[in-house]
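A quick write-up on the structure given underneath.
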Amino acid sequence: MKRSLIKFKIFDNYPFLIHKVFDKYIGNIDFRFDKRGIVLKNRQKIAKILKINLKNIYEMDQVHGSNIKIIDKSLLQIIKDNQINDSDGLITNLRNIFLLVKVADCFPVLYFDPKKKVVAICHVGWRGAKEKIFVKVLQKMVTNFNSDLSDILIAVGPGIRACCYKHKNLVQQQDNLWQPFIKKGKEGLISIDIPGFILKNLKKAGIRQKNIEISDICTCCSGNFFSHFRSLKTGEPEKRFAAIIGINNEKN
């Protein structure tokens, strides 16, 4: 069984930074698509691999919007079941707080500021991309943590790419900003390049090319990841895989 546990090279120089994208062989990690006991068991596998406590993993409810929440000590006191509501992005500078995103074609985007020791994660589907949530995360890092854009490192995980993201009609067709990333193909289908759009706008926001790493894996093509689009075509069960980032107790 071929595994696709992804660690990003852009984060290699920071041993205290815990991060990984997990393939489907860990199992479904979304409570919507399996019994609670099964999901908890799969999440425990993730915690064991990362050598962290499952109780320290926090997630969003992921409403396909652009709301971003900051996890600080005051928010920790009122969070229930480690879920932050009405959010598709999380940021924290707290140690041993690990941020999780659940995806199956949408793109997980991971951020790290090595100088301010701030991490962030966001969930980017077509709506999140259109609203540029991945840029709004940067703005909050700068405003709330005094991050310098030249320091921030960003990794974009696997998601559905233009080879598979094809529809007869796309809302982005009416938006001039999307035109360079839309192509008309056979049978009247239109494809869209979301990671290309993310890259261009991250650079436009002030992130240097060398500080961005983008996975070339298409979740719909790859058999190693869950895919919403593929499930619609094949009838396979809907499930979600995980991406996680957080700062462990530093040893440097």
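Brief remarks follow.
- Criterion (touching a Leu at 6+ places or on another chain (Cβ under 9 Å), in contact (Cβ under 8 Å) with a residue 12 or more places away in the chain and buried (at least 21 other Cβ atoms within 10 Å of the Cβ)) met by exactly one of 192, 212: 192
- Residues of the stretch 98-130 satisfying the condition of being more than 15 Å from the chain's Cα centre (by Cα) and surrounded by fewer than 19 Cβ atoms within 10 Å (Cβ to Cβ): 114, 115, 116, 117, 130
- Matching option when the condition is over 21 Å from residue 30 (Cα atoms), assigned to a strand (DSSP E or B) and in contact (Cβ under 8 Å) with a residue 24 or more places away in the chain, among 134, 112: 112
- Once the stretch 68-97 is narrowed to residues that are assigned to a loop (DSSP other than H, G, I, E, B) and either acidic (Asp, Glu) or under 15 Å from the mean Cα position of the chain (by Cα) (or both), the residue that is farthest from residue 139 (Cα to Cα) is 81.
- Boolean, residue 169 is under 19 Å from residue 99 (Cβ atoms) and surrounded by fewer than 16 Cβ atoms within 10 Å (Cβ to Cβ): no
Every number here is computed from the coordinates shown, using simple stated rules; none is lab data. Source: prediction; values computed, not measured. Please note: Cβ atoms are built from the backbone with ideal geometry, for glycine as well, and neighbour counts cover all protein chains shown.
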